[in-house]
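Quick notes on the structure that follows.
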Ligand code: FAD
Ligand code: AMP
């Protein structure tokens with residue numbers, strides 16, 4: 001415990017730590033604070049479309065978990081249709097029960113969100129469902145969902161209010177026709193024509209879900225490049241596969257208008273050839289998210305927002321106000337659940353006087369499409385621009401016995417390492433379970449491993465993980481199971 005801090009006096013309304021927001025940044029902060037023997041309350045105002053209140057934030061209720069549930073179901077459906085016959089399996093007439101698929105998804109979300117309450121109970125976190133507002137002096141106004149209000153006080157307050165979808169002025173939400181990502185996860189009949197604005201991570205995942213179920217999917221992306229934040233060798237491979245799957249991704253296409261007429265959506269966009277029109281049955285707006293801080297801060301708290309609305313914090317998630325911290329999507333950095341979790345845990349360890357740090361250079365990114373895409377560290381383009389001499393190693397899943405046995409031999413694993421000291425600078429994977437495979441690279445980079453360290457690590461055979469091993473070997477042109485180029 002920090003020396004200037006005294007434990008909170010026991011009392012219903014005073015805590016050592018109050019966390020505002022119970023998403024993947026806030027709830028881990030609360031649990032870790034409780035593990036550190038602090039008196040903790042976590043406030044969350046989330047309400048589902050049926051009016052039920054749950055913890056878990058965007059991630060569990062409307063983001064990571066429901067999207068992965070639908071990606072899994074639809075991929076199974078797609079594979080049953082396209083691949084089972086290759087395995088010699090006949091399934092007769094394949095049918096789709098979308099209501100059951102959605103029910104399964106809802107069951108997973110319910111299980112995970114009620115799980116948080118169980119975790120809180122076991123750790124001793126006080127769960128408060130309603131709105132939290134920071135007042136000056138580390139006091140917090142709590143308004144329960146039934147409207148009752150009380151004032152709480154804390155030695156430390158952690159703001160974890162998350163983010164919300166960006167709405168386009170040119171295509172305002174108009175359910176059920178023009179929807180955000182949450183709405184796209186709730187569609188109850190497969191649309192014949194689906195438009196998606198934005199070819200970012202969320203747009204590609206949602207587009208894939210509905211494409212696999214038979215929608216004609218058109219993705220409109222304003223930027224001229226596909227996945228500009230990814231390694232470009234990987235982005236090109238991904239674009240090729242998405243095209244083959246029938247995802248019509250139109251680059252350099254900026255949406256300027258969308259109108260609902262006669263049950264359809266008329267979308268207007270401009271590209272290099274001028275103004276274009278597209279008619280779809282449903283339009284998903286997936287143009288990114290913005291920090292959410294509505295009614296979070298009373299005037300005079302001293303907590304500042306930057307020009308884009310993020311709560312200003314330093315490297316350790318301290319706001320400028322003593323003992324007020326902020327973590328997750330409401331602060332700078334990638335809007336990822338695991339980044340928020342790491343920050344939440346770090347802050348609660350720092351509050352308790354323990355060591356805590358987030359290694360922002362080693363945060364993995366995953367796109368849960370098929371093939372799956374994952375990376376960590378720098379792209380080849382970034383390393384080249386930095387001027388550092390480097391080498392690359394690539395291993396195609398076509399040469400992986402396990403990938404071929406799985407009938408999923410598309411894609412590759414790629415490593416970028418420094419030529420001088422062999423440090424691993426980035427790992428980029430497109431292929432089966434890339435999101436799982438990247439964990440090895442994250443661990444290696446966390447420990448500042450060299451590509452030789454990976455080369456000298458034994459990998460079970462036949463596994464997908466061998467692809468990472470062989471990519472490292474290929475960086476020195478010593479791969480065994482693929483031609484060294
Ligand atoms: P949130 O999850 O947004 O939680 C904030 C919580 O705070 C909410 O419950 C909100 O109701 C509550 N709150 C806000 N203000 C107040 C207040 N004043 N009082 C009380 N409560 C308040 N990330 C990944 O890492 N992997 C993925 O696969 C992934 N998939 C995604 C798919 C989709 C469709 C979407 C939309 C997002 C996805 N994300 C994914 C991003 C991920 O969901 C976010 O990065 C993550 O949820 C951020 O966590 P957070 O705790 O900062 O905020
Ligand atoms: P992300 O921020 O990764 O979720 O991606 C959102 C994507 O939406 C970005 O690639 C933006 O370029 C794209 N985008 C934003 N506004 C528009 C628009 N008006 N028309 C088409 N694409 C857009």
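Read-outs throughout are calculated quantities, based only on the coordinates presented, and are distinct from any laboratory measurement. Predicted model, so just to flag it, every value in this text is computed and none were measured. When we count neighbours, we look across all protein chains shown, and the Cβ atoms used for this are built from the backbone with ideal geometry, even at glycine.
Below are the figures for this structure:
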{"quantity": "Degrees between helix 98-123 axis and first principal axis of the chain (Cα, 0 to 90, nearest 10)", "calculated": "40 degrees"}
{"quantity": "Rough spin-label spacing in nm, given labels placed 7 Å along Cα→Cβ, for residue 123 and residue 84", "calculated": "4.2 nm"}
{"quantity": "Full-stretch length increase - residue 48, residue 35 - with 0.36 nm per residue and alpha-carbon distance subtracted", "calculated": "1.8 nm"}
{"quantity": "Cβ-Cβ FRET estimate between residue 357 and residue 144, R0 fixed at 41 Å, reported to 0.05", "calculated": "0.70"}
{"quantity": "Estimated 222 nm signal from helices in the chain, with DSSP H stretches of n ≥ 4 weighted -39500 (n - 2.57), rounded to 500", "calculated": "-9000 deg cm²/dmol"}
{"quantity": "Distance between region 70-115 and region 345-413 - C-alpha centres, whole angstrom", "calculated": "28 Å"}
{"quantity": "Kirkwood estimate for the chain, i.e. one over the average of 1/r between Cα atoms, Å", "calculated": "24.2 Å"}
{"quantity": "C-alpha long axis of helix 64-82 to longest principal axis of the chain, angle in °", "calculated": "20 degrees"}
{"quantity": "FRET efficiency estimate (nearest 0.05) - Cβ-Cβ, residue 189 to residue 276, R0 30 angstrom", "calculated": "0.65"}
{"quantity": "Separation in nanometres of the label points that stand 7 Å from Cα toward Cβ, at residue 407 and residue 476", "calculated": "3.9 nm"}
{"quantity": "Folded to 0 to 90 degrees: helix 26-35 orientation relative to the chain principal axis, Cα", "calculated": "60 degrees"}
{"quantity": "Beta bridge orientation in the chain: antiparallel %, DSSP, nearest 5", "calculated": "65 percent"}
{"quantity": "For region 301-336 versus region 10-34, the gap between their alpha-carbon centres in whole angstrom", "calculated": "17 Å"}
{"quantity": "Computed lengthening from residue 453 to residue 110, 0.36 nm per intervening residue step minus Cα-Cα distance", "calculated": "119.3 nm"}
{"quantity": "For region 178-337: Kirkwood Rh in Å [reciprocal of mean 1/r, alpha carbons]", "calculated": "17.8 Å"}
{"quantity": "Listed peptides 87-99, 50-62 by packing density, highest first (mean Cβ within 10 Å)", "calculated": "50-62, 87-99"}
{"quantity": "Volume per residue that the Cα convex hull of region 143-226 spans, once the total is divided by residue count, Å³", "calculated": "176 Å³"}
{"quantity": "Estimated inter-spin distance, residue 13 and residue 72, nm [label 7 Å along Cα→Cβ]", "calculated": "4.4 nm"}
{"quantity": "Packing rank of 260-267, 249-256, 211-218, 327-334, where each peptide gets the mean count of other beta carbons within 10 Å, highest leading", "calculated": "327-334, 211-218, 249-256, 260-267"}
{"quantity": "Relative contact order (percent, whole number), the chain, Cα cutoff 8 Å, 6+ residue spacing", "calculated": "14 percent"}
{"quantity": "Euclidean distance of C-alpha centroids, region 173-218 and region 41-66, integer Å", "calculated": "21 Å"}
{"quantity": "Ellipsoid equivalent to region 362-475 - semi-axes via the Cα gyration tensor, in Å", "calculated": "22, 15, 12"}
{"quantity": "Gain in span if fully extended, residue 388 to residue 98, counting 0.36 nm per residue against the direct Cα distance", "calculated": "99.3 nm"}
